[in-house]
Amino acid sequence: MAEHCKISAALVAESEERSYVLKVDDYWRAKALLKTGDFLAFAPFSVGGHSWAVNYYPNGRHKDYADFVSVYLLLYSAGTQDVKAKFTFNILDKNGEPVRFSHTHPVDTLTSQGSCWASIKKADLEGSVYLRDDCLILRCDVTVTKEIHSEVTRFPPTDLHRHLGDLLKNKDAADVTFQVDGQNFSAHRCVLAARSAVFKAELLGAMKEISPGTPVEICDMEADVFKSLLHFIYTDTVPPAIETSSNNGDEAREGLVMAGHLLVAADRYNIGRLKLICEEKLCNHIDSNMVATSLALAEQHGFHGLKEACLKFLASPSNLEAMMASDGFEHLKSSCPSVLKELIARTLPAELKATKDLIMAIW
């Protein structure tokens, strides 16, 4: 760098947004003495807890900018990472007000020794009224954005299901009693009505005047099934009675039988989510022992997804033969002959022995 020219600087504001005024005396002398790439270094200043510096290039920093005056703002702090800041460079008039020669750099992220810059053509500057008495006054506005990190306690998962489950268990403020298969169950009209349109129509309509001491009789349902139905209505969680369907052996079979009964109950009371859960359980656990029972259930109650899953399973000759030997086949044959005819229609092209046996069993 060539010899120093007289420069002065002043901090105008003391805040996260600061303005740094740069006064370049002897503009023409600096232009004559400093070649492209040489600069005048202004004293560092602090904004947002970081040190910054401004370098003034009277003949541009690179040869491509030899016809420009360039100003560079550098993040001067050593080892600094990811500082977010916005910068504006202005030329000031005699009253200290910014003029049309201005450049704003949007918010950017800088690391140590990172920089941003602005340039103006020397011809435009030197032909303006803003270069007065061989003096150029610039202002650099710096706004540092600090990210505030605070410890935030994560919200715990909802426990509404637990509270409503306790309400059912403790029978607090229960206002309706159901009698199912010889057992009584206390519940709350408003909860049942909110979860089931069928219960709403019954409990807030025709049965609205029934006193809490008069039980509402539920026919054609086992007590354990109704208990599991209430569990889901209050907690929106899978009843324990059908969770065992994921196990092996007798527990799995009992869980699948319960899933079938709950599927019918969910359909009866129009509880869509429970219906989907139970149907998915049955579809995912089809075997030769249960497929006849599940197919009969699907056909009788119009569960199309379950029916299709069963028919796909029975497309296998070995599965079809095993189903015909199962305990549920006689019930399927007597209760749903139409679905067996549909099954025959699907398997006839294969000319299977099991198909012929199936025809003989029907006719």
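What about A259, is it surrounded by 21 or more Cβ atoms within 10 Å (Cβ to Cβ), closer than 21 Å to I286 by Cβ and under 35 Å from the mean Cα position of the chain (by Cα)?
Spelling it out, A259 is indeed surrounded by 21 or more Cβ atoms within 10 Å (Cβ to Cβ), closer than 21 Å to I286 by Cβ and under 35 Å from the mean Cα position of the chain (by Cα).
Go through (1) of a type in the set (S, T, N, Q); (2) part of a loop (DSSP other than H, G, I, E, B); (3) modelled with pLDDT under 90 and name the single condition T347 misses.
Here T347 meets the rest and fails (2).
Being closer than 29 Å to D64 by Cα and either in a loop (DSSP other than H, G, I, E, B) or modelled with pLDDT of 90 or more (or both) is the filter here; which residues of the stretch 1-23 pass it?
Within the stretch 1-23, M1, A2, E3, H4, C5, K6 meet the criteria.
Can you list residue pairs whose Cβ atoms sit under 9 Å apart, with the first residue in the stretch 131-160 being more than 30 Å from N55 (Cβ to Cβ) and the second being at pLDDT 70 or above? Count only pairs 6 or more apart in sequence or on different chains.
Listed by first residue and then by second, the contacts come to L160/T235; L160/D236.
Could you grab me the full set of residues in the stretch 184-196 that are surrounded by 13 or more Cβ atoms within 10 Å (Cβ to Cβ) and either free of Cβ contacts under 8 Å to residues at least 60 places away in the same chain or part of a helix (DSSP H, G or I) (or both)?
The answer is F185, S186, A187, H188, R189, C190, V191, L192, A193, R195.
Return the only residue of L256, L311, L230, L276 being at pLDDT 90 or above, in contact with a strand residue (DSSP E or B) (Cβ under 7 Å, 6 or more places away or on another chain) and of a type outside the set (D, E, K, R).
Values: L256 fails: in contact with a strand residue (DSSP E or B) (Cβ under 7 Å, 6 or more places away or on another chain); L311 fails: in contact with a strand residue (DSSP E or B) (Cβ under 7 Å, 6 or more places away or on another chain); L276 fails: in contact with a strand residue (DSSP E or B) (Cβ under 7 Å, 6 or more places away or on another chain).
Result of the check over L256, L311, L230, L276: L230.
What are the residues in the stretch 125-159 that are modelled with pLDDT of 75 or more and open to solvent by 80 Å² or more (accessible area, probe 1.4 Å), if any?
Across the stretch 125-159, the qualifying residues are V129, D133, F155, P156, P157, T158.
In contact (Cβ under 8 Å) with a residue 24 or more places away in the chain, assigned to a loop (DSSP other than H, G, I, E, B) and open to solvent by less than 70 Å² (accessible area, probe 1.4 Å): is that true of I277 in this structure?
No, not satisfied.
Given the conditions (1) at pLDDT 90 or above; (2) assigned to a helix (DSSP H, G or I); (3) open to solvent by less than 30 Å² (accessible area, probe 1.4 Å), report the number of the one that M221 does not fulfil.
The failed condition is (2).
Answer yes or no as to whether V99 is free of Cβ contacts under 8 Å to residues at least 60 places away in the same chain, open to solvent by less than 40 Å² (accessible area, probe 1.4 Å) and under 49 Å from the mean Cα position of the chain (by Cα).
yes
Whether any residue in the stretch 116-132 is under 19 Å from F45 (Cβ atoms) and hydroxyl-bearing (S, T, Y) is what I want to check.
There is no residue in the stretch 116-132 that is under 19 Å from F45 (Cβ atoms) and hydroxyl-bearing (S, T, Y).
For the stretch 24-60, what are the residues that are open to solvent by less than 50 Å² (accessible area, probe 1.4 Å), in a loop (DSSP other than H, G, I, E, B) and modelled with pLDDT under 90?
Residues satisfying the conditions are F42, G48.
For the subset of the stretch 61-75 comprising residues that are in a loop (DSSP other than H, G, I, E, B) and under 22 Å from I137 (Cα atoms), which member is least open to solvent (accessible area, probe 1.4 Å)?
So the residue we want is A66.
Does the stretch 302-341 hold any residues that are open to solvent by 60 Å² or more (accessible area, probe 1.4 Å) and either charged (D, E, K, R) or part of a loop (DSSP other than H, G, I, E, B) (or both), and which are they?
E308, K312, A315, E321, A325, D327, E330, K341, listed by residue number.
The values are calculated or read from the model by the stated rules, or taken from the named source; none is laboratory data. Fair warning: this is a prediction, and the values are worked out from it, not measured in the lab. Positions of Cβ are backbone-derived with ideal geometry, glycine not excepted, and every protein chain shown enters the neighbour counts. Ligands, DNA and RNA are excluded from the accessible area calculation, which covers all protein heavy atoms including side chains. Shrake-Rupley method; radii C 1.70, N 1.55, O 1.52, S 1.80 Å.
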